[in-house]
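**Q** Questions regarding the structure given below will be posed in turn.
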Amino acid sequence: MSISRVITWDVTTSRGYETAWLELDGDRLRARGRAVGTTPEPYWISYTLDTAESFVTRRLRVEAETASGTRALDLRHDGEGRWTADGERLTALDGALDCDLGLCPLTNTMPVLRHRLHLTPGEREFLMAWVSVPDLTVHASAQTYTHLGRTEIGGRIRFVSGDFRSDIEFDADGCVVDYPALARRLATP
């Protein structure tokens with residue numbers, strides 16, 4: 001079953017907005033998005049994201065424009081647990097399955113859908129390829145997702161990374177509705 005959606009979030013952390021055009025096709029996700037923010041500095045972001053089976057990231061391409069110029073990142077996962085950024089191997093990410101684009105609610109979708117954590121009990125620990133925005137540096141990030149319960153439209157998950165934690169609401173398709181301290185989906189007509 002294929003689902004196409006357009007979602008816009010008010011990204012409170014960046015004092016900006018993000019819109020993602022996404023396609024969910026079985027256990028694969030394909031998306032493109034644009035974001036504008038004013039914190040930590042004014043920026044524009046454009047990205048494309050492709051996953052393989054089980055929502056495992058294959059490629060994230062990002063371009064960021066700030067007052068100091070334009071940067072680009074081509075982050076790739078080889079399907080065997082190895083990552084490269086612009087062709088350079090990132091051994092600190094060995095074993096990671098997912099990217100996590102900073103300030104982007106969409107990239108929480110892949111691990112949630114893979115383990116159906118928005119709908120079924122469980123707790124999972126992940127190593128993520130976290131991309132800082134707007135500088136586009138890539139870091140290893142340990143993250144934990146814990147199913148807290150079902151809601152009328154999907155489920156609630158506790159996200160923990162280091163000292164940061166937030167209880168995120170997802171819809172039945174595994175997309176963020178409300179991510180306190182980061183973003184909230186805008187209603188669509």
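The values are calculated or read from the model by the stated rules, or taken from the named source; none is laboratory data. Please read all numbers here as calculations on a predicted model, not as lab measurements. Note: ideal-geometry Cβ built from the backbone for every residue, glycine included; neighbour counts use all protein chains shown. Calculation scope for accessible area: heavy atoms of the full protein, side chains included, ligands and nucleic acids excluded. Shrake-Rupley method; radii C 1.70, N 1.55, O 1.52, S 1.80 Å.
**Q** Sort out which residues of segment 178-189 are outside any loop (DSSP other than H, G, I, E, B) and under 16 Å from TYR145 (Cα atoms), and write them in order of number. Can you show your working first?
**A** Taking segment 178-189 and keeping what is outside any loop (DSSP other than H, G, I, E, B), we get 178-179, 183-185.
Once the filter is applied, which keeps residues that are outside any loop (DSSP other than H, G, I, E, B) and under 16 Å from TYR145 (Cα atoms), segment 178-189 yields ASP178, TYR179.
**Q** Okay, next question. Exactly one of these conditions fails for LEU60: (1) over 15 Å from TRP130 (Cα atoms); (2) surrounded by 14 or more Cβ atoms within 10 Å (Cβ to Cβ). Give me its number.
**A** Only one criterion is unmet by LEU60, namely (1).
**Q** Here's something else I'd like to know. Provide a single number: the residues in segment 114-129 that are outside any loop (DSSP other than H, G, I, E, B) and either surrounded by 22 or more Cβ atoms within 10 Å (Cβ to Cβ) or among the polar types (S, T, N, Q) (or both). Steps first, answer last, please.
**A** Just the residues of segment 114-129 that are outside any loop (DSSP other than H, G, I, E, B), to begin with: 114-115, 123-129.
Next, from what is left, pick out any that are either surrounded by 22 or more Cβ atoms within 10 Å (Cβ to Cβ) or among the polar types (S, T, N, Q) (or both): 128-129.
Number of matching residues: 2.
**Q** Restricting to segment 148-160, and then to whatever is open to solvent by 30 Å² or more (accessible area, probe 1.4 Å) and assigned to a strand (DSSP E or B), can you tell me which residue is nearest to ARG185 (Cα to Cα)? Let's see the steps before the verdict.
**A** First pass over segment 148-160, keeping only residues open to solvent by 30 Å² or more (accessible area, probe 1.4 Å): 148, 150-153, 156, 158, 160.
Narrowing the set further to residues that are assigned to a strand (DSSP E or B) leaves 148, 150, 156, 158, 160.
Working: LEU148: 20, ARG150: 18, ARG156: 15, ARG158: 18, VAL160: 20 Å.
That would be ARG156.
**Q** Counting residues that are among the β-branched types (Val, Ile, Thr), which strands (runs of 3 or more DSSP E) fully inside segment 1-109 reach at least 2? Steps first, answer last, please.
**A** Numbers: elements: 2-11, 16-25, 28-37, 43-51, 57-66, 69-77, 83-85, 98-101.
Once the strands (runs of 3 or more DSSP E) in segment 1-109 are filtered for at least 2 residues that are among the β-branched types (Val, Ile, Thr), what remains is 2-11, 43-51, 57-66.
**Q** Return the residues of segment 79-97 that are open to solvent by 60 Å² or more (accessible area, probe 1.4 Å) and over 29 Å from PRO42 (Cα atoms); say none if nothing qualifies. Walk me through how you get there before you give the answer.
**A** Our first condition is that a residue be open to solvent by 60 Å² or more (accessible area, probe 1.4 Å); within segment 79-97, this holds for 80, 82, 86-89, 91-92, 94, 97.
Residues satisfying the conditions are GLU80, ARG82, ARG89, THR91, ALA92, ASP94, LEU97.
**Q** Let me ask another. Taking ALA72, is it touching a residue at least 12 places away in the same chain (Cβ under 8 Å), crowded, with 22+ Cβ neighbours inside 10 Å and of a type in the set (A, V, I, L, M, F, W, C)? Even if it seems obvious, please write down each step before you answer.
**A** Details: touching a residue at least 12 places away in the same chain (Cβ under 8 Å): yes; crowded, with 22+ Cβ neighbours inside 10 Å: no; of a type in the set (A, V, I, L, M, F, W, C): yes.
Against the criterion (touching a residue at least 12 places away in the same chain (Cβ under 8 Å), crowded, with 22+ Cβ neighbours inside 10 Å and of a type in the set (A, V, I, L, M, F, W, C)), ALA72 does not qualify.
**Q** For PHE170, state whether it is open to solvent by less than 10 Å² (accessible area, probe 1.4 Å) and either part of a helix (DSSP H, G or I) or of a type in the set (Phe, Trp, Tyr) (or both). Quick ask: steps written out before the conclusion?
**A** Details: open to solvent by less than 10 Å² (accessible area, probe 1.4 Å): yes; either part of a helix (DSSP H, G or I) or of a type in the set (Phe, Trp, Tyr) (or both): yes.
So PHE170 fits the description; yes.
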